[in-house]
Amino acid sequence: MADPKGFLKHRQRELPVERPVPVRIMDWKEIQDSKVDNSAILKRQASRCMDCGIPFCHFSCPLGNLIPEWNDLRWRENLPEAIDRLHATNNFPEFTGRLCPAPCESGCVLGINQEPVTIKQVEHSIIDEAWEADLVTPQIPEYLTGKTVAVVGSGPAGLAAAQQLTRAGHTVAVYEKSDAPGGLLRYGIPEFKLEKSVLERRLAQMEVEGTRFYNNASIGEAGHNASELLQGYDAVVLAIGTPIGRDLPVPGREFSGIHQAVEFLTTSTRRVHGLEIEDDITAADKDVVVIGGGDTGSDCIGTSVRQGARSITSLEIMPQASTQRPENWPWPTFPKLYKVSTSMEEGGQTLYSTSTVEFLSDGTSGEGAVSHLRLTDVEFVGGRLTTIEGSERVIPAQLVLLAMGFVGVPNEGIVDQLGLNLDKRARIERNQDFTTNVPGVFVAGDAGRGQSLIVWAIAEGRAAAKSVDSYLSGTESALHAPVRAGDLSLTL
């Protein structure tokens, strides 16, 4: 235990210093102020960990991270052992430390009657300091098994599976449909949340370890028949995510200027890096409406602010969540709470209990281009969503971004070519060990689980890798895998 009286001496939750809003919206760098020494804050927070007899932070973390152990090591400033304990369960703590909503903190026992330990920030500090100290080094396998694996998709699930299998001695090839690996980490996450240099250094490590990356490889499309992978590889791991964005089929949907959020974010990130853009989408000098109040919607807000939007309005069909843990979400569950994201701090307004009735076009934005939205207030009556009479109004919108999540995997392409089955939620059907109805084909991440968190994607990639290793070797794999990742009942 770091400090037996730490949680008594330091009762307040402290977060590292962020760059002021007027400063950070002028560039695309991460919002945490790297020039400020936060070591004293982080040491105090690590000391608040009580090293509980039953650490519910383990239960709440899909990866089963050894949180009390590396909290203690962080407090003792034993960085080499701290990063070892962190990497024991998590391939990419630099991703989760930046992007995960930290369900572990909801399970912190201290959170019953105090604010929980800032677990996410301690994790973030350990991995970043470890990179700076050259403590993150390639783990090249001592021998090769002669077995080959194709991983389709290079998001967090695909990368985790690939790294684990490469380190087990298998020859792994990762196929990515985009021009660079990383999946949504590459173009779907804005630079101010994840600078791409953070991704690049991890990919470089994986390449040194032996993982091979093939970009612009759209498996399932013309010239890349998925069935050919089974002929050339001993096993195939599908980590293709859920590429179908949820749409909003209301009158006027055919107007131009209405885009899926990922299209907008991808275009923005490519522009930031000076890359070629096929269909330029910009918020500059426009009234922007973001439909959807989750993390992706928040990313759209921050991106629109930096691009110079005239106004930004975020629409959320649900009422504003409580700032306190609701009775129906008792500790240690992960409750839905109202939080002001860093992007919400930067600008725009959010309208809750609001639904879009119709997209309108008056020609001022161009022929057939969206110019306004017709909205209405809604409420839940008897468990059913109903409109509030007389609440309709019209707001300006020359750019509408649909950030309502993803709905599944398309039936054509990979699924059809391999003869895989989809369930009623358009997820690829799989078993507890991540196998499918096709021998040698495994599924990890959102493609099998449905839209979820980055921490679940990494957990599933590790667990799928363990199953693949057992399948290829014919014996129980020695690879570590999170216990909860294989519990499909948790996805229902």
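Residues that are modelled with pLDDT of 95 or more and part of a loop (DSSP other than H, G, I, E, B) within the stretch 276-291 comprise Ile281, Thr282, Ala283, Ala284, Asp285, Lys286, listed in sequence order. Within the stretch 28-65, the set of residues being basic (Lys, Arg) and within 23 Å of Glu345 (Cα to Cα) comprises Lys29, Lys35. Taken over the stretch 100-152, the criterion of being closer than 23 Å to Pro326 by Cα, assigned to a loop (DSSP other than H, G, I, E, B) and touching a residue at least 12 places away in the same chain (Cβ under 8 Å) is satisfied by Cys100, Pro101, Ala102, Gly107, Cys108, Gln114, Glu115, Pro116, Val117, Thr118. Taking the criterion of being in a helix (DSSP H, G or I) and among the hydrophobic types (A, V, I, L, M, F, W, C), the residues of the stretch 462-480 that qualify are Ala463, Ala464, Ala465, Val468, Leu472. Filtering the stretch 331-362 to residues that are in a loop (DSSP other than H, G, I, E, B), over 21 Å from the mean Cα position of the chain (by Cα) and either at pLDDT below 90 or surrounded by 13 or more Cβ atoms within 10 Å (Cβ to Cβ) (or both) leaves Trp331, Pro332, Gly347, Gly348, Ser353, Ser361. Within the stretch 363-378, the residues that satisfy the criterion of being surrounded by 15 or more Cβ atoms within 10 Å (Cβ to Cβ), free of Cβ contacts under 8 Å to residues at least 60 places away in the same chain and of a type outside the set (S, T, N, Q) are His372, Arg374, Asp377.
Has the stretch 71-84 got any residue that is charged (D, E, K, R), in contact with a helix residue (DSSP H, G or I) (Cβ under 9 Å, 6 or more places away or on another chain), touching a residue at least 12 places away in the same chain (Cβ under 8 Å) and part of a loop (DSSP other than H, G, I, E, B)?
If we filter the stretch 71-84 for residues that are charged (D, E, K, R), which is where we start, we get 72, 74, 76-77, 81, 84.
In the following step, the residues that additionally are in contact with a helix residue (DSSP H, G or I) (Cβ under 9 Å, 6 or more places away or on another chain) were identified as 72, 74, 76-77, 81, 84.
Now restrict to residues that are touching a residue at least 12 places away in the same chain (Cβ under 8 Å): 72, 74, 76-77.
Next cut, part of a loop (DSSP other than H, G, I, E, B) only: 76-77.
So far as the stretch 71-84 goes, yes, one or more of its residues are charged (D, E, K, R), in contact with a helix residue (DSSP H, G or I) (Cβ under 9 Å, 6 or more places away or on another chain), touching a residue at least 12 places away in the same chain (Cβ under 8 Å) and part of a loop (DSSP other than H, G, I, E, B).
Please determine whether any residue of the stretch 225-238 is surrounded by fewer than 20 Cβ atoms within 10 Å (Cβ to Cβ), outside the structural domain of Ile25 (by TED's automatic domain parsing), among the small types (Gly, Ala, Ser) and touching a residue at least 40 places away in the same chain (Cβ under 8 Å). Scanning the stretch 225-238, I find at least one residue that is surrounded by fewer than 20 Cβ atoms within 10 Å (Cβ to Cβ), outside the structural domain of Ile25 (by TED's automatic domain parsing), among the small types (Gly, Ala, Ser) and touching a residue at least 40 places away in the same chain (Cβ under 8 Å), so the answer is yes.
Within the option set Leu185, Leu159, Leu203, being under 30 Å from Ser34 (Cα atoms), out of contact with any strand residue (DSSP E or B) (no Cβ under 9 Å at 6 or more places or on another chain) and not assigned by TED's automatic domain parsing to the domain that holds Asn91 holds for one residue only, Leu185. One residue stands out among those in the stretch 48-99 that are surrounded by fewer than 24 Cβ atoms within 10 Å (Cβ to Cβ) and in contact with a His (Cβ under 8 Å, 6 or more places away or on another chain): the one that is nearest to Lys120 (Cα to Cα), which is Gly97.
Could you check, for the stretch 16-25, whether at least one of its residues is surrounded by fewer than 18 Cβ atoms within 10 Å (Cβ to Cβ) and either among the acidic types (Asp, Glu) or within 20 Å of Ala130 (Cβ to Cβ) (or both)?
The answer is yes; a qualifying residue exists.
Scanning the stretch 199-209 for residues that are surrounded by 15 or more Cβ atoms within 10 Å (Cβ to Cβ) and in contact with a Pro (Cβ under 7 Å, 6 or more places away or on another chain) yields Leu203, Gln205, Glu209. The set of residues in the stretch 298-324 being surrounded by 15 or more Cβ atoms within 10 Å (Cβ to Cβ), in a loop (DSSP other than H, G, I, E, B) and not β-branched (Val, Ile, Thr) consists of Ala309, Ala321.
The values are calculated or read from the model by the stated rules, or taken from the named source; none is laboratory data. Bear in mind that the values here come from a model prediction, so they are computed numbers and not experimental data. In this analysis, Cβ positions are derived from the backbone assuming ideal geometry, glycine residues included, and neighbour counts consider all displayed protein chains.
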